[in-house]
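Below is one structure; the comments refer to it alone.
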């Protein structure tokens, strides 16, 4: 699958990736951004052809990859009338997970981190800002779904199974955090 | 039925190519009728016969899911009589294909016969992929997909270890194949 992903990345091909063994008809659509030995970064596209953030997943979670299907052709047409592209990650010699976290820390982008595989995916992931990262661990200032600070979490990098940013969840939450911060500032 | 019992039964049945009924869902009374023509540690390959005694393609079933095998029944006697009347040569043959595993065998047969396959993934119970096998290696199988109306629907790269069932040349695939051929004309 690594070879196929790399080929798709080179071709900049829109693809569908099936990753959930409990839902074999569900898939994510988008472009391969980066591939390392274990993980791949995927720029997701929504069903309306809009950017839907980035997800980083283990290559071994992939069940099936699809290209040029009727659905993908439809999405490709919808994409062709938008401008943009998502925030890209710079590959790191320390791997995709470290490189991404470092990038997200520098840019202060709200991030969701999961330590379970995709079939157990739910919104109980840790969401927050990366405040520190080294090759072994990262520290996250957590935020609740209500946009409030919710403690600090420490992760070992080798336990991380999934990273997401710029999806509608993180974008909305980051907006809420900004609104609450502004309100706080006005009160003071 | 335990794995060892199924495996020893399978060995015997594949040698004599006896027509049997195989059940792979303990909560469902439906079954596959046909003869076991190949097996490995995980799967069996069944040459299916339709209720009217005609060849109905091949199916790969997981040994772990097999809960019952029937060797003698009034249904089987009926099928054997019907088959004797209409003993056409099978369009798909496993005899000429020498592969290590059952999955690889059916994929090779599909390529050789230019026959359509339907693949089920991760015990989903549904046909996740339908189309022509383009190529395969020990890890990945590449399929040119076709939808239920016989229209081309892209390329699928499938992890072979996630395949839990394949049918090839059965009535469902034949119908899609007919629609595809009509569309080609």
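The values are calculated or read from the model by the stated rules, or taken from the named source; none is laboratory data. Note that the structure is predicted; figures quoted are calculated from it, not measured. All Cβ positions, even for glycine, are placed from backbone atoms using ideal geometry, and neighbour counts span all protein chains on display.
Starting from residues that are away from chain B (no Cβ under 14 Å) and not in a strand (DSSP E or B), keep the ones in segment A:41-74 and report whichever is farthest from residue B:145 (Cα to Cα).
This residue is A:50.
Looking at A:130, A:160, which one is closer than 23 Å to residue A:38 by Cβ and at pLDDT 95 or above?
A:130
Against the definition (more than 9 Å from chain A (Cβ to nearest Cβ), surrounded by fewer than 23 Cβ atoms within 10 Å (Cβ to Cβ), without any contact (Cβ under 8 Å) to a residue 60 or more places away in the chain and in a strand (DSSP E or B)), how does residue B:120 come out, yes or no?
no
Among the residues of segment B:174-184, is any surrounded by fewer than 22 Cβ atoms within 10 Å (Cβ to Cβ) and part of a strand (DSSP E or B)?
no
What number of residues within segment B:127-156 satisfy the criterion of being touching a helix residue (DSSP H, G or I) at 6+ places or on another chain (Cβ under 7 Å), buried (at least 22 other Cβ atoms within 10 Å of the Cβ) and either at the interface with chain A (Cβ under 9 Å from one of its Cβ atoms) or in a helix (DSSP H, G or I) (or both)?
1
For segment B:160-185: of the residues being free of Cβ contacts under 8 Å to residues at least 60 places away in the same chain and under 18 Å from the mean Cα position of the chain (by Cα), which is farthest from the other protein chains (Cβ to nearest Cβ)?
Among them, the one singled out is B:175.
How about segment A:4-40: which of its residues are crowded, with 18+ Cβ neighbours inside 10 Å, within 12 Å of chain B (Cβ to nearest Cβ) and outside any strand (DSSP E or B)?
Selection gives A:4, A:5, A:8, A:14, A:19, A:20, A:24, A:27.
Looking only at strands (runs of 3 or more DSSP E) that fall completely inside segment B:36-117, which ones have 2 or more residues that are buried (at least 22 other Cβ atoms within 10 Å of the Cβ) and modelled with pLDDT of 85 or more?
Ranges flagged: B:43-49, B:55-62.
Out of all the residues in segment A:16-36, is one or more modelled with pLDDT under 90 and either closer than 14 Å to residue A:163 by Cβ or under 12 Å from the mean Cα position of the chain (by Cα) (or both)?
Scanning segment A:16-36, I find no residue that is modelled with pLDDT under 90 and either closer than 14 Å to residue A:163 by Cβ or under 12 Å from the mean Cα position of the chain (by Cα) (or both), so the answer is no.
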